[in-house]
Amino acid sequence: MKRIKILCIAAAIVVMAFSSCSKEMAGPDRLSVAVFVPGVASGSPIYEMLVSGAQKAVAEKPGASVKVIEGGYDQSTWLDNLRDIAASGEFGLVVTSNPALPELCAKVATDYPEIRFFVADAYLIDHPSIHTVLYNQMEQGYIVGYLAGLVTRNAAPAGPLVAGLVAAQRYPTLDRLIQPGFEAGLKAVDPSFRLDYREIGNWYDANKSAELARSIYDAGARVILPIAGGAGQGVVSVAMELGRQVVWFDGAGYQLAPDAVIGCATVAQDKLVYERVKAILDGGKPFGTADIVGAADGYVGFDPDGPAYRSLSPEIRAAFEKALADLRKGTPDFTLTSF
Ligand code: RBF
């Protein structure tokens, strides 16, 4: 009797071991995609494009599915959000975007090695579970810096020459690419340009960004670049009120204020996310690699389709379009091979 009992227990252990092993090997469904928005999609074009690009790729793949999960503005919860996504066992691929995410994905990957991650607008090389693509935002900053420089100098040739930058927070791509690119664009127009930099402290407080923008405009700047997600709306409202200008980043800028937004330096995040997610769903395995894309290959550019851009003087537009064409051909050369 005792022997039978022991045999039964042993058999049960073997069955359990095999079933958990086969479950492990099958892993989560590779065609089941979680799009994690670290923030709120509405009001942040770079996130809106993340969602639309991933949804388009999934819609074209038979058997694939997608769920969009917003992490909200409290960055301290994002790691737990990602852990919950992984622990659900539902998703084989997590698609997300922003330079803070690779580090969080790497932490989750330690416990869930079968899940794969694609992070746009970020850089991490040599992690077997993670693929990243970084935009050359030095070029993106240069584009709107050059335009802001031309418009400012034209409005106030006697100077002093100053332009504003209202940022949500400091982070490496702002410090090392966006801000230096914006300043390089301004200084390419006139080396005496000065930057008036202010910080909001979060990505949602449009009242605070409006207050900062007002004080920058009052101090003499004519053009401000907001890098502030949804909070950038505050800069636009004050620009409209004071008859000043804004240059916009990422996408969908002109519709906010057709008279105030004079230019928008774009990233083709919808196209990029679509292409990469599609390739991964089709079996591509770019994990472990980190790409950098920019103006030469069309992922960083300029949207000329706005009324306030079209109503700039032909001389300004001609000078700007020449600078843009030169940039696409590599002058100035902001080549990035790693970050
Ligand atoms: N960009 C946005 O447009 N909206 C956001 O809510 C947002 N949150 C961010 C949070 C962190 C921690 C970091 C590092 C960046 C964030 N960005 C956000 C910036 C985004 O990655 C990109 O740099 C800007 O959109 C400019 O292209």
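The values are calculated or read from the model by the stated rules, or taken from the named source; none is laboratory data. All of these numbers come straight from a predicted model, not from anything done at the bench. Because the Cβ atoms are built from the backbone with ideal geometry, glycine has one as well, and the counts that use them run over all protein chains shown.
Out of all the residues in region 230-244, which are touching a strand residue (DSSP E or B) at 6+ places or on another chain (Cβ under 9 Å) and within 10 Å of the ligand (Cβ to nearest atom)?
Those that are touching a strand residue (DSSP E or B) at 6+ places or on another chain (Cβ under 9 Å) and within 10 Å of the ligand (Cβ to nearest atom): 231, 232.
Which of the following residues is more than 15 Å from the ligand (Cβ to nearest atom), crowded, with 24+ Cβ neighbours inside 10 Å, at pLDDT 95 or above and outside any strand (DSSP E or B): 188, 163, 148, 109?
Working: 188 fails: crowded, with 24+ Cβ neighbours inside 10 Å; 163 fails: outside any strand (DSSP E or B); 109 fails: crowded, with 24+ Cβ neighbours inside 10 Å.
Residue meeting the stated conditions: 148.
Collect the residues in region 212-229 that are in contact with a strand residue (DSSP E or B) (Cβ under 9 Å, 6 or more places away or on another chain) and away from the ligand (no atom under 16 Å from the Cβ), keeping them in residue-number order.
Within region 212-229, 212, 213, 215, 216, 217, 219, 220, 221, 222, 223 qualify.
So which of 177, 124 ends up being within 16 Å of the ligand (Cβ to nearest atom), closer than 30 Å to residue 279 by Cβ and part of a loop (DSSP other than H, G, I, E, B)?
None of the other options fit; the residue is 124.
Quick grid of which residues meet (1) under 30 Å from residue 126 (Cα atoms); (2) in contact (Cβ under 8 Å) with a residue 40 or more places away in the chain:
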site: 230; (1), (2): no, yes
site: 237; (1), (2): no, no
site: 244; (1), (2): no, no
site: 262; (1), (2): no, yes
site: 277; (1), (2): yes, yes
site: 299; (1), (2): yes, yes
site: 331; (1), (2): no, no
site: 338; (1), (2): yes, yes
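Pick from 129, 44, 65, 97: which is among the polar types (S, T, N, Q), out of contact with any Lys or Arg (no Cβ under 8 Å at 6 or more places or on another chain) and surrounded by fewer than 21 Cβ atoms within 10 Å (Cβ to Cβ)?
Of 129, 44, 65, 97, the one residue that is among the polar types (S, T, N, Q), out of contact with any Lys or Arg (no Cβ under 8 Å at 6 or more places or on another chain) and surrounded by fewer than 21 Cβ atoms within 10 Å (Cβ to Cβ) is 65.
If I filter region 313-324 for residues that are hydroxyl-bearing (Ser, Thr, Tyr) and either within 30 Å of residue 65 (Cα to Cα) or surrounded by 14 or more Cβ atoms within 10 Å (Cβ to Cβ) (or both), do I get at least one hit?
For region 313-324, residues hydroxyl-bearing (Ser, Thr, Tyr) and either within 30 Å of residue 65 (Cα to Cα) or surrounded by 14 or more Cβ atoms within 10 Å (Cβ to Cβ) (or both): absent.
Would you be able to say whether some residue in region 326-336 is crowded, with 16+ Cβ neighbours inside 10 Å and β-branched (Val, Ile, Thr)?
No, there is no match, as no residue in region 326-336 is crowded, with 16+ Cβ neighbours inside 10 Å and β-branched (Val, Ile, Thr).
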